[in-house]
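Some notes on the structure that comes next.
Each value in this text was obtained by applying a stated rule to the coordinates, not by laboratory testing. Everything quoted here is computed from the prediction, not taken from an experiment. In this analysis, Cβ positions are derived from the backbone assuming ideal geometry, glycine residues included, and neighbour counts consider all displayed protein chains.
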Protein chains: 2
Amino acid sequence: MERWGMFEAAVNGKKDGNPFLDYAITGTFASEHETVKVDGFYDGEGVYRVRFMPSYEGKYTYTIAGSAVEAPVMGEFEAVAPTAGNHGPVRVAGETLLAYADGTPHYSVGTTCYAWVNQSMDLQAQTLDTLSKSPFNKIRFCIFPKFYEFNRREPITYPFERGSGEGLDPALVEIQANRAYWPLEPVPEMDYGFDYTRPNVEHFRRFDLRIRQLMELGIEADIILMHPYDRWGMNEMSAAACDAYLKYMVARYGAFRNVWWSLANEYDIIPTKTAEDWERYGQLIAQNDPYHHLCSVHNCITYYDFSRPWVTHQSLQRTDFYKTTEYTDEFIEKYHKPAVWDEICYEGDISLGWGNITAQELVRRFWEAFLRGGHAGHGETYLSEDDILWWSHGGALKGESAPRIAFLKRILEQTPGRGLRKAEGIFDEVVGCAVDAPEDYRIHYLGICQPKYRMLILPEDGDYEVEIIDTWNMTITPAGVHRGATRIELPGNQYMAIRARRV
Amino acid sequence: MERWGMFEAAVNGKKDGNPFLDYAITGTFASEHETVKVDGFYDGEGVYRVRFMPSYEGKYTYTIAGSAVEAPVMGEFEAVAPTAGNHGPVRVAGETLLAYADGTPHYSVGTTCYAWVNQSMDLQAQTLDTLSKSPFNKIRFCIFPKFYEFNRREPITYPFERGSGEGLDPALVEIQANRAYWPLEPVPEMDYGFDYTRPNVEHFRRFDLRIRQLMELGIEADIILMHPYDRWGMNEMSAAACDAYLKYMVARYGAFRNVWWSLANEYDIIPTKTAEDWERYGQLIAQNDPYHHLCSVHNCITYYDFSRPWVTHQSLQRTDFYKTTEYTDEFIEKYHKPAVWDEICYEGDISLGWGNITAQELVRRFWEAFLRGGHAGHGETYLSEDDILWWSHGGALKGESAPRIAFLKRILEQTPGRGLRKAEGIFDEVVGCAVDAPEDYRIHYLGICQPKYRMLILPEDGDYEVEIIDTWNMTITPAGVHRGATRIELPGNQYMAIRARRV
């Protein structure tokens, strides 16, 4: 066991009745530095699992007990130093920044494959392979299946058992091809007969596997707990069933260091949920998650009230079509919480405006977000003969933005200290500076402008090493050491930046 | 004489004292339809001129009188039907649209050469030649010389006589090369000795010529009466001198049908002028101009109060760096006056953000402006070895936007009825419709998006001829006749539009 690793105890217990509802199991983990009580969960076939993430090194003892087992189970383990690549969970650091628990700054360079864990196993393997070669250190995905444009096939498993229902006619499973684009034709009414009190463990075991594999790749799993793209009636679960589902999720996935909780995607267009529901969900997670993983709610039209105490960061979707991440610093100033742009339109060529911007524009929005002190997420929606679109299904990347985002990420990681924030600049540039050395490390980003030269006003009291960064062609070119007002020659292309570092 | 042509009577009169101040001359023109009294002006060497634009066809009689002449001069002329290309002055039509006096809709496709009439005569000739081959039907330019980046040479003439002053040392005229870029070095203090009560008629005769030539080319002359780029002290003229100057301008140029009055460029950064000054200037022009030419005030940071009764239209400079003409319909709704974007950044590659956008972006801003019911102006600021930049000096166009603006203009002129306004559309498109046939003529503009297809919702009760417009490559491709929800295949490029016309 390593610090911030995932310890798991599997114990046999009662399986009569509905073990998901009828029995409880908890684990109490104690070391010199912490004592933590966590809920376990039922994993079918009489097996209960209790998972725990040690936040410290050293010896831990544990007791597993509850109505699910005849007698408590006790044990111990040693948590050792984390191995390379394990920096612990991501936390809010310095009010508006993110950092891993070991203090390493975290620049959240996300991507989105909403339904990838509900695709074929081969496609999931390809997605993981793509992710392993990508710059992305966070991925957003849903637990529930998704019904939407390009997403009209049934998932490979459902999150709940179809206990008492009529059962599903296999002939109806392949309802219609994905190629039924918007506007959608009506779909047949079906009674799936879900028993929302019985999670389908086959479904969640696959998520166990994928979240663990993401952890091993150093990728945060931004788990979307609910969403509006429902044809299965899951948004009509009772409040009690919904709360039980959320507790099950926390018990099952809370011990993975790479987990973030996203209460919902586009919460505000789920008609069956009220403001009180969202508050109750948020508080439930905050109270049940002993690790206090990052937790937020993602909007469609109306931003959530990010000032709520259980909201750790701002999970933002752009609401203006023209200005997106340009608002990053305004959001940071408003809520004093990290700003994470989880939807700023995707590189692609589908009909709708959220899925047909160029790679250049997506990369530009990334630069705006990070230089203003925020974070941004990618997605890709290129039409494909096989109807596999990265944004929902995963698979392979076809676009041009990912290598440029990787280039940006390497530059972000060169920031001295804890991170970046917006600095004052001229009206036509975005200037990011190191929060811990605002005068000594600055990047001037020129976006869509294409100047052939730039007048740069450097401080008079020191020498600055100036570099020209071509954010699209991914080059960094030295431009001498200067002080005071300096004319910097540029190639006359768009998407240039100038970095000035005090010598 | 043709209707809306310029009638001019030259009479000899008194030349002792200061004829600009000491004597008055007016003309009274009468026909069956109108009686108009206009001020004449002194043009040096004992000659007074009285200019008049007949607004009707038919016989006119006139009387020229005043203290400048010993006895009234009378005469008559016949105003005949206008020749081709003479549509009369541009007026506000239908509250927020523009039209020529003969009813022809006017889509104001402007450009900007602030100081072109103060450049060498050869360069001015080249500018006129360029304009004659361009799509532009309006040009903004200054009367006063301009001192600014790339504008540090003295003008070929000054607008006022240097009557009582010390005179100008010829060695100082070429103060420094234009190449003294920002930040500007200090310039020597000079006493030009201007007599602001004595317009320099040589200066204004050249403007006579240029405004007439523009008129013959069908180009509106958007005359900028004041501006902040002053090193000659003209912004320190007394209120009386300023009012006399404005009256002189109205008397001299009001009878040209193509004149628009722009009280100032960037009025709000002229520190010597107060809000009361601007109001007095505006009212003075409204009261003295019998033709009520279009009149507005152009901002830098703060928009003028366009609700003032003498303001005919909104002369807009973008104040947000990212969203510019996207605000067109909001301005129209706010003031119910035509929205004319006179500065939305220029195609070019100089250091500052107002002068280094791409041709693609400038053309995109034009489409946004016109489809939302407004108008837009062009400018070009490409660096040049000879320091001739179109935006200020004129000369030749080097960029790529003008042919695309010409293409847009041809499409605008195909609009049935009086013009365009914004229609409701999906969030990722701008839809312009014909104000007189909103359901029957619509253009969906997709801007920076690059969809490979588009779901178009046409009315069910009629057939629509659909065309794909590539606004950059300047092609119009038929895409069939459709009704209802229709999938339109697109090439997957940016800057596409779809036009639907009821058959």
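Before moving on, here are some points about what is shown:
- Remark: the stretch B:7-79 carries a charge dipole of roughly 140 debye about the Cα centre, counting +1 on each Lys and Arg Cβ and -1 on each Asp and Glu Cβ.
- Loop-located GluC sites (Glu not before Pro) across the stretch A:1-59 with a Cβ neighbour count of 10 or fewer within 10 Å are A:Glu32, A:Glu45, with loop assigned by DSSP.
- Dipole magnitude of the protein assembly as shown about its Cα centre (Cβ charges: Lys, Arg +1; Asp, Glu -1), debye to nearest 20: 440 debye
- A Cβ-based charge dipole, computed about the Cα centre of the stretch A:420-502 with Lys and Arg at +1 and Asp and Glu at -1, lands at about 180 debye.
- Across the stretch B:307-355 the C-alpha pair distances fall into 5 Å bins from zero in the proportions 5, 20, 26, 21, 12, 9, 6, 1 percent.
- Unsatisfied cross-links (Cα-Cα over 28 Å) in the set A:Lys398/B:Lys323; A:Lys138/A:Lys398; B:Lys146/B:Lys247: A:Lys398/B:Lys323
- The C-alpha atoms of chain B define a longest principal axis, and helix B:201-216 lies at about 30 degrees to it.
- Label 7 Å beyond Cα on the Cβ vector: B:Lys59 copy-to-copy distances, nm: 12.4
- Look at the stretch A:348-360: the mean tally of other chain Cβ atoms within 10 Å of its residues' Cβ atoms is 6.
- Distribution of pairwise C-alpha distances over the stretch A:7-79, 10 Å bins, in %: 22, 51, 22, 5
- Exposure proxy ranking, count of Cβ atoms within 10 Å, fewest first, for A:Ser392, A:Ser31: A:Ser31, A:Ser392
- Debye-sum result for chain B in log10 I(q)/I(0), which assumes one identical scatterer on each alpha carbon, at q = 0.13 Å⁻¹: -1.27
- Along principal axes, Cα extents of the protein assembly as shown, largest first, whole Å: 125, 73, 42
- Rounded to whole numbers, the Karplus 3J(HN,Hα) couplings from phi for the stretch B:52-61 are 8, 10, x, 8, 9, 7, x, 7, 10, 10 Hz, using 6.51 cos²θ - 1.76 cosθ + 1.60 with θ = phi - 60°, and x at Gly and Pro.
- The calculated FRET efficiency for the pair A:Asp387 and B:Glu465, based on their C-beta separation and a Förster distance of 25 Å, comes to about 0.20.
- Karplus-derived 3J(HN,Hα) values for the stretch A:239-251, using 6.51 cos²θ - 1.76 cosθ + 1.60 with θ = phi - 60°, are 4, 5, 5, 5, 5, 5, 4, 5, 5, 4, 4, 5, 5 Hz; glycine and proline are entered as x.
- Relative contact order computed over chain B (Cα-Cα under 8 Å; 6+ residues apart), in percent: 12 percent
- With label points defined 7 Å past Cα in the direction of Cβ, position B:Ser132 shows copy-to-copy spacings of 7.0 nm, given to one decimal and shortest first.
- Residue among B:Ile498, B:Cys295, A:Val435 farthest towards the positive dipole end of the protein assembly as shown, charges placed on Cβ: B:Ile498
- Ordering B:Ala286, B:Thr325, B:Ile224 by Cα displacement along the dipole of chain B toward the positive end leaves B:Thr325 in first place; charges were set at the Cβ atoms of Lys, Arg (+1) and Asp, Glu (-1).
- Shielding by partners - mean other protein chain Cβ count within 10 Å, residues of B:320-326: 5
- Here's the picture: charge each Lys and Arg Cβ at +1 and each Asp and Glu Cβ at -1 in the protein assembly as shown, and of B:Tyr464, A:Thr471, A:Pro54 the one pushed furthest to the positive end of that dipole is A:Thr471.
- Cα gyration tensor shape for the stretch A:10-150, rounded if a/c is under 1.5, else prolate or oblate: oblate
- Of every Cα-Cα pair in the stretch B:420-502, the percent that sits beyond 17 Å: 41 percent
- Inter-copy label distances at B:Gln414 (7 Å, Cα→Cβ; nm, one decimal): 5.0
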